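The values are calculated or read from the model by the stated rules, or taken from the named source; none is laboratory data. Computed from a predicted structure; not experimentally measured. Note that we place each Cβ from the backbone using ideal geometry, even for glycine, and neighbour counts take in every protein chain shown. Ligands, DNA and RNA are excluded from the accessible area calculation, which covers all protein heavy atoms including side chains. Shrake-Rupley method; radii C 1.70, N 1.55, O 1.52, S 1.80 Å.
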Amino acid sequence: MANKAQTHYEAIVIGAGVGGIYQIKRLADLGVDATVLDAAPDLGGTWYWNRYPGARFDSESYTYGYSFSKELLEEWHWKERFSGQPENLRYLNYVADKFGLRRYMQFDCRVEAAHFDEARNLWQLRVSDGRTLTCRFVMMALGLLSTPTYPRLSGMEKFKGPSFHTFHWPHEPVDLTGKRVAVIGTGATAIQVIAEIADKVGSLTVFQRRPNWSVPLNNGPISKEEMADIRSRYDEIFAACARTPGGFEHEPDRRGFYEVSREEREALWNRLYKEPGFGIWLANFREIFMDEAANAEFSAWVADRIRERVKDPKVAEKLIPRDHGFGVQRVPLESGYFEAYNRDNVELVDISETPLREVTETGLRTSDREFAFDIIVYATGFDAITGAFDHIDIRGTGGQSLREKWADGPSTFLGLMIHGFPNLLMAGGPQSGSASTNYPRGIETAVDWCTGLFQYMRARGYVRADATAEAEHRWTEHVKRMYQMVLMRKAKSWFTGYNSNVPGHEEGSIRYFVYNGGAPKYVTRINEVAAMDYAGIAFTPEAPPSSQAAE
Ligand code: NAP
């Protein structure tokens, strides 16, 4: 158990999820006096909170697990190709217990403020339990999607039955039998929930504002024999992940979209549609991401798959996105999602035609109908990436507020540091490689980089590291330029900082949240910076004792 009476640490990690767990492992191995603070009652981050039915990876499980320990890789048996939330949380607990990491962790402590003390080169953290802690380094492991957002609907407090965001799905089992359930939203989360509960509820009403392109996950069990084979290939698997833009095993098809015939393109798509995981997105032709015509052709092909699977043609048409092409938003993978709409107890309500007006005591009211429900589920997404930062009053040099600095969108150095916020490191920050890749692959790289910087400073007696304004400007401009190359820049999704429920994040203002250059380029760049004595970072040595005495 962490000692709650201790008030100063060399490093404090905020967040005990996938990133925080690995960060504390690296610090603990170096003997750094460090602790982890998390607002939750226990570790796990995303996998602690998201307990909704159907929550699971859409990264192949064995590419999502940590790669840092051969022993761990040998011991853990992933039971499914795309493992579910309970197993994922067990895994993270297993890792924490195996490496004795729990003793560094403190729960139920939300960091409310982090202020940089320029005179002492220390961060001062105000914690929700009333304590003030200081540390030289603060490592932000806040998660990309850890600030859930609700619609701004009137009457939400009036509803008499249970209602919750999927992120806050209750820990105790929710009895859905015979219940009239509403799901608001049709993003990746809703698509998992809807498919999973359609046959367990009395009735299910889905309120859809915009459909999402979605394709089969093609999940399945991993037998002992297959797991043994995976174990024997781990080096190869992680090497493949490191080679690909998305950090997955799926490599883009190197043939030009227009170099092959329509028949050959369809042969690829037919194969990928039946294969597990993101292959259909990431092992597709690269033009899908950049060329409107190529994207439109493929989108039309996927639309036909939806038409084949949904019996009612009117419903099928409603489930086909019109405002964006395939893959320009984060693609949700599904298991029986479209077939759910073939059930008599499932209804799709198009709230782009008949908008939601209010929540009532007994249900929901749209512009033309009143609905009665027993349970309302808000699958309405997150104030992505910067939302978790915005909820902490972070102040750097000169008392400058990070929330204000990022009001129109983030600017960072490599997605890892922020000018004017010395000694604050982000393994999963905006504009980092972690934000746009198979998360743990990106996280391991970023945590290793942050740890490397920490060691570099320790070895030289540096007490302060601040990214220069120029380095930050160059990186942010580079990130912006990358957006110009991809169709994703046009999408209304968390990749562009869109969230209709967060003031200022509504449609129309793009935020440069992710690095679109791909994992290999990103890793090369951050390693180059490290090799060049962290060019772009200004270091301050510890003041000699005489000058300290003179202060
Ligand atoms: P999301 O993709 O942002 O989807 C939110 C949904 O709620 C959208 O359909 C949105 O409609 C709707 N919505 C939001 N506010 C609304 C309002 N006021 N009225 C009506 N509808 C509203 O959020 P998410 O589904 O939670 O997914 C977020 C991300 O989490 C994913 O992109 C993915 O990265 C991650 N995720 C991963 C997994 C996995 O690994 N398997 C699973 C789930 C989620 P509009 O589109 O019209 O705004």
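Taking each residue as 0.36 nm, the span from Arg152 to Glu264 lengthens on full extension beyond its C-alpha to C-alpha distance by 35.6 nm. Compared with the alpha-carbon gap, the fully stretched path from Arg474 to Ser128 is longer by 120.9 nm at 0.36 nm per residue. Charges were assigned to the Cβ only: +1 to each Lys and Arg, -1 to each Asp and Glu. The resulting dipole of the chain about its Cα centre is roughly 300 debye.
One equal scatterer on each Cα of the stretch 119-165, no solvent, Debye formula: the resulting log10 I(q)/I(0) at q = 0.26, 0.28, 0.32 Å⁻¹ is -1.03, -1.09, -1.19.
Pairwise alpha-carbon distances in the stretch 411-480 exceed 15 Å for 54% of all pairs. Label positions at Asp368 and Ser509, each projected 7 Å from the Cα along the C-beta direction, are separated by 3.5 nm. For the chain, with all protein chains present and a 1.4 Å probe, just round the carbon and sulfur fraction of the accessible area to a whole percent. After summing per-atom areas, the C and S share lands at 50 percent. Counting only heavy atoms of the protein chains and using a 1.4 Å probe, Ile191 has close to 0 Å² of accessible surface. Sequence-distant contacts, meaning Cα pairs under 8 Å at least 6 residues apart, place the relative contact order of the stretch 49-180 at 24 percent.
Of all beta bridges that DSSP places with both ends in the chain, some 40 percent have antiparallel geometry.
Our note on the geometry: Cα centres of the stretch 230-270 and the stretch 281-325, 20 Å apart. Looking at the stretch 119-190, the accessible area is 43 square angstrom per residue; that uses a 1.4 Å probe and ignores ligands, DNA and RNA. Taking the stretch 149-207 on its own, what percent of its Cα-Cα pair distances exceed 13 Å? Pairs farther apart than 13 Å: 67 percent. Taking every alpha-carbon pair in the stretch 485-549 and binning the separations at 5 Å intervals from zero gives 3, 14, 14, 11, 11, 11, 12, 9, 6, 5, 4, 1 percent. Using a Debye calculation, one point per C-alpha and no hydration shell, please list log10 I(q)/I(0) for the stretch 278-377 at q = 0.10, 0.23, 0.24 Å⁻¹ in order. For the stretch 278-377, the Cα-only Debye profile gives -0.39, -1.23, -1.28. Spin-label model, Ser69 to Glu308: label points 7 Å out along the Cα-to-beta-carbon direction sit 4.5 nm apart. With respect to the cross-link table entries Lys70/Lys98; Lys314/Lys490; Lys200/Lys314; Lys25/Lys521; Lys480/Lys521, which display a Cα-Cα separation exceeding 19 Å? Table pairs above 19 Å Cα-Cα are Lys314/Lys490; Lys200/Lys314; Lys25/Lys521. A Stokes-Einstein calculation at 10 °C with viscosity 1.306 mPa s, built on the Kirkwood radius of the stretch 196-287 over Cα pairs, returns a diffusion coefficient of 98 µm²/s. For the stretch 357-489, the solvent-accessible area with a 1.4 angstrom probe is 33 square angstrom per residue. With N as its number of residues, the chain has a Cα radius of gyration that, divided by 2.2 N^0.38 Å, comes to 0.98.
The share of Cα pairs per 5 Å bin across the stretch 402-551, counted from zero up to the longest distance, runs 2, 9, 17, 21, 18, 13, 8, 5, 3, 2, 1, 0 percent. Here the spin labels are modelled as points 7 Å beyond Cα on the Cα-Cβ line, and at Met485 and Asp344 they lie 5.4 nm apart.
Note on surface exposure: Asp466, Asp29 rank Asp29, Asp466 by accessible area, highest first, 1.4 Å probe.
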